[in-house]
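This report concerns only the one structure given below.
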Amino acid sequence: VQLQASGGGLVQAGGSLRLSCAASGRTFSSYGMGWFRQAPGKEREFVAAVSMSGGSTYYANSVKGRFTITRDNAKNTVDRQMNSLKPEDAAIYYCAAGDTRYSLPVTTQRVYAWGQGTLVTVSS
């Protein structure tokens, strides 16, 4: 599976952004999907994940209630709506396809494939 993320940009604190990830391949629905982020000088961290069917989601505590992850298996896309953005949300965001042994890719060890990353900048 190949992943292409889009939708990053500059936003003021308190604003919203929507990130999208398009996947190639016929087996998109076989993968749990996730989003991770990496800020300068920090390790890549989990943000949100959605199961193969879209029926289950999981969020990092830092974004719970502000971010929403959804997927459309007919379009091979996974999106993330980010609301009430904070300066600490600024990072490069990566779309990820999970190892098929796991329903939700909630750690980097559970990731099978990465997208190229898209930059989100939040001004205070």
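Where a Cα-Cα gap under 25 Å defines reach, which lysines qualify for LYS75, not counting those fewer than 8 residues away within the same chain?
In chain and number order, there are no partners.
Suppose R0 equals 22 Å. What FRET efficiency, 1/(1 + (r/R0)^6) with r the Cβ-Cβ distance, do GLN2 and SER53 give to the nearest 0.05?
Working: r = 21 Å, r/R0 = 0.98.
Working from the Cβ atoms, E equals 0.55.
In whole Å, how far is the Cα centre of the stretch 83-124 from that of the stretch 1-59?
5
Can you give the accessible area of LEU119 in Å² (nearest 10), computed on protein heavy atoms with a 1.4 Å probe?
LEU119 has an accessible surface of roughly 100 Å² with all protein chains in place.
Kindly report the accessible area of the chain per residue (heavy atoms of protein chains, probe 1.4 Å, no ligands, DNA or RNA), in Å².
Values: 6300 Å² over 124 residues.
Accessible area per residue: 51 Å².
Carbon-plus-sulfur fraction of the accessible area of the chain, 1.4 Å probe, in percent? Let's see the in-between values first.
On the way: 2920 of 6300 Å².
Summing carbon and sulfur atoms, their accessible area is 46 percent of the total for the chain.
Is there a quick way to get the dipole size of the chain? I mean about its Cα centre, with the Cβ of Lys and Arg at +1 and of Asp and Glu at -1; what is the value in debye to the nearest 20?
Numbers: 13 positive and 7 negative charges, 27 e Å.
In debye, rounded to 20, the chain gives about 120.
Non-local amide H neighbours of ARG71 (under 5 Å, H modeled in plane, Pro and chain starts lacking H): which ones?
Amide H to amide H, under 5 Å and 5 or more residues apart or across chains, ARG71 pairs with ASP79.
Please find, in a Gaussian network model of the chain (springs between Cα atoms separated by less than 10 Å), the residue of ARG66, ARG110, ARG80 whose mean-square fluctuation is greatest.
Result: ARG66 has the largest fluctuation of those listed.
Can you compute the modelled spin-label distance between GLN12 and ASN83, with each label point 7 Å from Cα toward Cβ, in nm?
Result: 1.9 nm between the two label points.
Which trypsin sites (Lys or Arg not before Pro) does the stretch 3-58 hold that lie in a coil by DSSP with at most 10 other beta carbons within 10 Å?
Filter output for the stretch 3-58: ARG26, LYS42.
How many percent of DSSP beta bridges within the stretch 2-124 run antiparallel, rounded to 5? Write down the numbers at each step before the final one.
Details: 37 of 41 bridges.
Here the share of antiparallel DSSP bridges comes out near 90 percent.
The values are calculated or read from the model by the stated rules, or taken from the named source; none is laboratory data. These numbers come from a predicted model, not from an experiment. Neighbour counts are summed over all protein chains in view; Cβ atoms, including those assigned to glycine, are modelled from backbone coordinates with ideal geometry. The protein model used for the area step is the full one, side chains on, heavy atoms only, and it has no ligands, DNA or RNA in it. Shrake-Rupley method; radii C 1.70, N 1.55, O 1.52, S 1.80 Å.
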